[in-house]
Amino acid sequence: MLAFRTKRMLQTVFIDKQLGPKVDTAKWGPEGREIVQQTDGMRQRVKAGLEKMSETGAEELKEVLVKYLILLFKTAFMSRGISLTEAELGFKWSDAFETEKFGHVDDWTFERASVLFSLAATYAFTATHRDRATAEGIKDAAADFQKAAGVLGLLHGEMREAPWKGSPDLSLDTLDTLRKLMLAQAMKCFYEKARDENKSASLMAKMAADCAALYQDVSSCMAQAKAAGRPIGAMPKDWLDVVEWNRLLFDGVQQYYLSAVHLEKFEYGIQLSRLTYATNKCGEAVNATVNANPLMRKQFLDAYELCRSTHERAKKDNDLLYNESVPNFAMLPKPERLPKLLVKPTLPDAFTDPTTFVEPQSLPTTPVVSREPTPVAVLPPVAAMSAASLEDPPPTSNKDPPPPSFKDPPPPSFEEDEAPAVCVLT
């Protein structure tokens, strides 16, 4: 199984120092500055985690990367209208495949893209370190590979709209090839689980056919990338070779299981034709892995030996007992695949939770209300009025205005601005 390198931060950025004073505290209040400070601190944790990623620290790094993406979203939202170039705030990241190349862009979306790429790489890393000798380990590895594919698919969609040019590892063809590789490896996990559970030959043949088709697709993409000098083609040869080894392996294994289906139907000649092809292809895989890690090579040797011994027995039985003609392999129908692919790109829970990527709320503003002066009637001096007139005022005529009220008029009512609606990143 293959993982790929994360990107690396190539400079230290002081987000709070360079951006914090420019954030509108009258609009966002003290919480706005606090978010910027948290973003600054979380970025330092990401930088340290990427530089020292290990098997034990990878799970924590995944959480840190997601937390940073959430804070990055909020900080970018509050910084709309602020020029990062004027703030001297830019982001410089290494290329995952060609370390002498890098990207440097004064844009929040480049920072987000680089973090998403590294998150996908971290999921691929943890997937390759699962113990696939156990059912739980196989399940976790398949889940991690599918999440890596999901993050790469999300990044691929965002890169299609990016107004800037980043490092070569963020090219659309590279992201698509990596996504396909993650799905192929997830499908291999499902195949291994079914094999260990002794599923039927018919089901195993279809699952192996899915693996063969997925690895064939990845192999074609990588061959094109290598021929065109694309980024993923710069990976070490032993890394690229693993894809070709698996392509050969599953090209043969699918025929091995399909031969067992023919045996169940007493189709001995067709069985032998498929077994001959399966043995040859698995033999090619074994020859190609001569310099591979012994533990990795064992799976290819085991598959070849299974095909070889089954072929030897089938040929002997057909020669001595059945005497069926062996058809040309090229004339046989291609193996059938599953009606629906078992693997698909998925996303970490934080990306599907509608309460995660929520825009920060600005402080409510009080509208300015104009008040017209209330006219007040002029009264005669109290000294000019008799005591009797105070106790029993004379009736007013229709021409005279009513006596004024000495009570203060109630203040005009008005509603405060409603808080901005919650926006959810989808």
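Quick look at the numbers
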item: Charge dipole magnitude, Cβ of K and R +1, D and E -1 - the chain, Cα centre, debye nearest 20; result: 1740
item: The chain: angle of helix 135-159 to the longest principal axis, Cα-based, in degrees nearest 10; result: 60
item: In Hz, Karplus ³J(HN,Hα) per residue of region 43-54 (6.51, -1.76, 1.60; θ = phi - 60°; x = Gly, Pro); result: 5, 5, 5, 4, 4, 5, x, 5, 6, 10, 5, 9
item: Once exposed loop chymotrypsin sites (Phe, Trp or Tyr not before Pro) are cut out (DSSP; at most 15 other Cβ, 10 Å), longest piece of the chain; result: 15-163
item: Relative exposure of 25, 355, 6, judged by other C-beta atoms within 10 Å (fewest first); result: 355, 25, 6
item: Stretchable slack from residue 216 to residue 202, in nm (0.36 nm times residue separation minus alpha-carbon distance); result: 2.9 nm
item: Projected-area mean, region 68-192, by convex hull of Cα positions, square nanometres; result: 8.5
item: ³J(HN,Hα) computed for each position of region 179-186 - Karplus, 6.51 cos²θ - 1.76 cosθ + 1.60, integer Hz, glycine/proline x; result: 4, 5, 5, 4, 5, 4, 6, 5
item: Rg to Rh quotient for region 198-334, alpha carbon positions, Kirkwood Rh; result: 1.04
item: Cα-projected label distance for residue 134 with residue 293, points at 7 Å along beta-carbon direction, nm; result: 1.9
item: Distance in nm between pseudo-label sites at residue 52 and residue 324 (7 Å out along the Cβ direction from Cα); result: 6.4
item: Given charges at beta-carbon only (K, R positive; D, E negative), |dipole| of region 194-262 in Debye; result: 140
item: nm² value of the averaged projected area, convex hull over the Cα atoms of region 5-58; result: 4.5
item: Dipole of region 198-334 [Lys/Arg +1, Asp/Glu -1 at C-beta], most positive-end residue of 228, 293, 329; result: 228
item: Around residue 280: net Lys/Arg minus Asp/Glu count, Cβ-Cβ under 15 Å; result: +1
item: Quotient of Cα Rg and 2.2 N^0.38 Å for the chain, N being how many residues it contains; result: 1.63
item: Aspartates and glutamates with Cα under 13 Å of residue 316, excluding same-chain neighbours fewer than 8 positions away; result: 324
item: Between helix 268-288 and the chain: long-axis angle, C-alpha atoms, 0 to 90°, nearest 10; result: 70
item: Surface/4 estimate of mean projected area, convex hull on alpha-carbon atoms of region 1-98, nm²; result: 7.3
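Taken together, the values in this text are just the output of simple stated rules run on the coordinates, not laboratory data. The model shown is predicted, which means the values in this text are computed figures rather than measured ones. Methodologically, a virtual Cβ is constructed for each residue, glycine included, from the backbone with ideal geometry; neighbour enumeration extends over all protein chains shown.
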